[in-house]
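Only the coordinates and a few stated rules stand behind these numbers; no lab work does. None of these values were measured; they are calculated from a predicted model. Glycine also receives a Cβ, built like all others from the backbone with ideal geometry; neighbour counts cover every protein chain displayed.
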Amino acid sequence: MYLTLNDGRKLGIEVSKGADLVYISHAHSDHARGRNIFSSHETFDLLSAGSEKQTSLVRVNDENIKLFPAGHILGSTQLRFTNGHTVVYTGDMKLRDGFTTEKAEIIECDELHIDCTFGHPDFNFPEKEEIADRIDRWTRTRLMTGQNVIFGAYSTGKAQELIHILNNYSDVTPVVDHAIEQKCKVYDKHGIKLKRFEIGTYEATEAMKGKFVYVVPFHFVNQQSEKWFEAQYKRVSFALVTGWANRYKYRNQAFPLSDHAGFYEILKYVEESKAKEIVCHYGHAGVMSSFLKSKGYNAKTDKEWEASLTPAVYQTKINEPVQMTVRV
Ligand SMILES: [Zn+2]
């Protein structure tokens, strides 16, 4: 999707090909692309942390465009575009408060582009306190029985929610991997304090002389690495933290802590937005759009929507050019 600026430049909505600047809803790699970025400051800082890519943050000052919280991770936003016809692009979002993010606001619109990663009835997520209690009980039991604990979690967003739980429910200061530490520093900068020790520091080495909790990127926990961790740290219990645990079985303990909306949250957003046209993006877009159609909504997947546009530039759907001032 693209919006054309009044100076002729194209703003890609998470599309960089052919765009002069790109709106990025949040700092996960499947959304981040382009060099001239229009996003929240938090998103830009997270994208820049540990990256050697040269990027610049572009400001867009225009009353037709407004960003709203999306409740997904630090700095995640939704974009609303109004010009007679109101369009909302939610990016990844959830309607539940997290420990380090506030829930998304439901925005009324004519055309809604919504995150359907978990747009399947099997995915509905408990409140964060319930998952936190489960993580806390499991962690303390492992530590009390002489096990070290290694958690695999996405480095941006999920790891920080987990560290908050370990700090505040289990009174544990975990050791964290370098990639996670880089993102935690951005959370610090924006006022979210997380107690942790970076692996390799004196404090981490001291902490690891006793029983410890170590948080590593999600993909670090696999059959091969587990053997290495066990050789290195002896008695180790592994756990994963991911919304997919709501449906799929993992070899290790897994907790369904999700940063996305579940099925009924998506439905609630669709209903309360009063949108006349719904475009389902990501994950279970096909399942969600079929369900919505069966309930009488004008819904389609992003692929169907793109195919219906000729040419595939959003500007062709609106009558007037977007009036906006761009300041770099
Ligand atoms: Zn995301």
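The table below lists the values:
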read-out	value
Residues in the range 156-181 reached by a label modelled at residue 225 [backbone nitrogen below 12 Å; 7 Å Cα→Cβ]	177-180
Where labels lie 7 Å past Cα in the beta-carbon direction, separation of residue 179 and residue 138 in nm	2.1
Prolate/oblate/rounded call for the range 128-255, Cα gyration tensor, a/c under 1.5 rounded	rounded
Highest to lowest packing among 267-278, 249-260, scored as the average C-beta count within 10 Å	249-260, 267-278
Spatial extent of the chain: Rg and Dmax, with the Cα atoms as the point set, Å	21.2, 67
Where labels lie 7 Å past Cα in the beta-carbon direction, separation of residue 110 and residue 272 in nm	2.4
In degrees, nearest ten, helix 178-189 long axis to first principal axis of the chain (Cα)	60
Whole-Hz couplings from phi, Karplus 6.51/-1.76/1.60, listed for the range 29-44; x for Gly and Pro	5, 6, 10, 8, 7, x, 10, 9, 10, 10, 7, 6, 4, 4, 5, 4
Mean Cβ neighbour count within 10 Å, used as a protection proxy, ranking 163-170, 197-204 highest first	163-170, 197-204
Degrees between helix 128-144 axis and first principal axis of the chain (Cα, 0 to 90, nearest 10)	20
Unit charges at the beta carbon, dipole of the range 128-255: most positive-side option, 252, 192, 166	252
Cα-projected label distance for residue 190 with residue 29, points at 7 Å along beta-carbon direction, nm	2.0
Extended-chain gain in nm, criterion 0.36 nm per residue less alpha-carbon gap, residue 82 and residue 102	4.8 nm
In degrees, nearest ten, helix 158-168 long axis to first principal axis of the chain (Cα)	50
Within the range 16-35, backbone nitrogen closer than 13 Å to the virtual label 7 Å beyond the Cα of residue 54 toward Cβ	35
Per-peptide average of other Cβ atoms within 10 Å, ordering 43-50, 111-118 highest first	111-118, 43-50
Computed [θ] at 222 nm, deg cm²/dmol, the chain (DSSP H ≥ 4; -39,500 (n - 2.57); rounded to nearest 500)	-8500 deg cm²/dmol
